[in-house]
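Trainee: Submitted below is the structure of interest, expressed as structure tokens.
Values in this text are rule-based calculations from the coordinates and carry no lab data. It should be emphasised that the depicted structure is a prediction, and the values quoted were computed from it without experimental measurement. Counting neighbours? That spans all protein chains shown, and the Cβs are built from the backbone with ideal geometry, glycine included.
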Amino acid sequence: MFEVEFDVLEGLEPYALEEIRVCCGRACSPVALYPGRIRVRFTGDLHVLFRLRSVVAAYLIVTYDVPRPRALLGHQHLTRLLTMLDMVRSLTKPEHYRTLRLSAAGSDSSVMTRLKETLAAHTGLALADDEGDLLIRLRRAASNDGWEVLVRLSPRPLATRAWRVCNWPGALNATLASVMMRLTRPSASDRVLNLACGSGTLLIERLFLAPARLAIGCDPDQQALQCARRNLEAAGFAPIVRLEPWDATSLPLETGSVDVICADLPFGQLIGSHRDNEALYPRLIGEAARVAAPDARMCLLTHEVRLIERVFASCTDVWTPVEIVKVRTGGMTPRIYLMQRTSSPVSQS
């Protein structure tokens, strides 16, 4: 039996826990839920945890009944720790591990420096000051009785997707995108439209959850579409996705032709401005209502909370809120809005 802790985006803990339960079944037993963290007991193949798409990172935990970290340098405890590191490294190809980082309070102290150097010498990995392939965290146990060592199970966080070969300014966190698309209840019969698709994160995460009858991403920026195509190719979805240079407020689509609409809307900070959004949001949401089929689902992310709620308040006969989720990401607290089309779409005049 292993003790495992997952880092998650604050606000997404219930959705990550649901995925963990579905993925692991009886092999997983929740222990504690904290803001941004989930702790479980797990029995089985640790490779299974690599499939999780709504967690940021997964760590193996070992508790040491010692009063101070200095004791970890003792033969018995050090041997146990090195065995743990070897087991974690065996989960991935050896060449993926080149650097080691120890994250702990007082990491520059003589004891921590000696511990880092000892671990580096035994593993043959170079010490890293920031990002390390083998990431080790040291902290007091929750009971304040002893110390916990957490070792990340993968060389990079699970949120760092292998398909992301092209980065785009303001690109959506992939774990957040995965949760957003799970909220839409994915079905193989869905006709999916990603407005202002950027580098394609929402489309890619949707297609990892389930196939779709139709998947379209639109963005007026040709560079964004080129970036999205590169990521779609890396993910293996390029042949089944249409990328179009469309304006999200004037779509060349038939009325009622889309089952799922999704978008990471501009927050008016990195991209656009609040003044731009005042004009954009009503037009975009109105056009989304036109192309949405009856009972279509729409999932939007934005930090412009007052603005979008004002827009939705003006069209309650068209969009009904299903779920609103506040999440913390990138130092901000945007909200996910899951809406459902409530009336038959009206033909565009």
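Trainee: Given Cα positions, please report Rg to Rh for region 290-349, the hydrodynamic radius being the Kirkwood one.
Mentor: Values: Rg = 12.8 Å, Rh = 12.4 Å.
Checking Rg against Rh, the ratio lands at 1.03.
Trainee: Quick check on region 230-337: what are the equivalent-ellipsoid semi-axes from the Cα gyration tensor, as sqrt(5λ), descending, whole Å? The partial results should precede the final answer.
Mentor: Numbers: eigenvalues 99, 78, 42 Å².
In descending order, the three semi-axes are 22, 20, 15 Å.
Trainee: What does the helix-only formula give at 222 nm for the chain: each DSSP H stretch with n ≥ 4 adding -39500 (n - 2.57), the total divided by the residues, and the result rounded to the nearest 500 deg cm²/dmol?
Mentor: Values: 8 runs with 101 residues, N = 349.
The helix-only estimate for the chain comes to -9000 deg cm²/dmol at 222 nm.
Trainee: If only Cα atoms are counted, what is the Rg of region 1-108, and what is its Dmax, in Å?
Mentor: Rg and Dmax of region 1-108, Cα atoms, are 15.3, 42 Å.
Trainee: Shifting gears a bit: May I ask you to list the chymotrypsin sites (Phe, Trp or Tyr not before Pro) in region 6-56 that are in a DSSP loop and have at most 15 other Cβ atoms within 10 Å of their Cβ? Spell out each step's value before the answer.
Mentor: Values: sites: 6, 15, 42, 50; in loops: none.
When the chymotrypsin sites (Phe, Trp or Tyr not before Pro) of region 6-56 are filtered for loop state and at most 15 Cβ neighbours within 10 Å, nothing remains.
Trainee: State the antiparallel share, in %, of DSSP beta bridges confined to region 122-261, rounding to the nearest 5. Numbers along the way, then the final one.
Mentor: Working: 6 of 15 bridges.
The answer is about 40 percent antiparallel.
Trainee: Starting from the amide H of residue 56, placed 1.01 Å from N in the peptide plane, find each other amide H under 5 Å away whose residue is 5 or more places distant or on another chain.
Mentor: 7, 8, 9
Trainee: Here's something else I'd like to know. For region 111-123, take each phi angle, set θ = phi - 60°, evaluate the Karplus expression 6.51 cos²θ - 1.76 cosθ + 1.60, and give the result in whole Hz per residue in order, putting x for glycine and proline.
Mentor: Those phi angles translate into 5, 5, 4, 5, 5, 4, 5, 5, 5, 5, 5, 6, 8 Hz.
Trainee: What distance in nm lies between label points placed 7 Å from Cα along the C-beta direction at residue 276 and residue 142?
Mentor: Placing both labels 7 Å beyond Cα along the Cβ direction yields 4.4 nm.
Trainee: Using the reciprocal of the averaged 1/r over all distinct C-alpha pairs, how large is the Kirkwood radius of the chain in Å? Present the calculation step by step, with values, prior to reporting the outcome.
Mentor: On the way: mean 1/r = 0.0453 Å⁻¹.
One decimal place: 22.1 Å for the Kirkwood radius.
Trainee: Figure the gain on full extension for residue 310 and residue 213 (residue separation times 0.36 nm, minus the Cα-Cα span) and round it to one decimal in nm. Walk me through the numbers on the way to the answer.
Mentor: Numbers: separation 97, 0.36 × 97 = 34.92 nm, distance 3.30 nm.
Length difference between fully extended and current span is 31.6 nm.
Trainee: I need the shape label for region 124-210. Rule: rounded when a/c is under 1.5, else prolate if a/b > b/c, else oblate, with a, b, c from the alpha carbon gyration tensor. Write down the numbers at each step before the final one.
Mentor: Numbers: a/c = 3.20, a/b = 1.95, b/c = 1.64.
Prolate, since a/c reaches 1.5 and a/b exceeds b/c.
Trainee: Now for a separate question. Would you please give the residues with an amide H less than 5 Å from that of residue 31, counting only those at least 5 places away or on a separate chain, with H modeled from the backbone geometry?
Mentor: The answer is 39, 40, 41.
Trainee: Modelled label-to-label distance, residue 78 and residue 107, 7 Å Cα→beta-carbon offset: nm?
Mentor: Once both label points are built, they end up 2.2 nm from each other.
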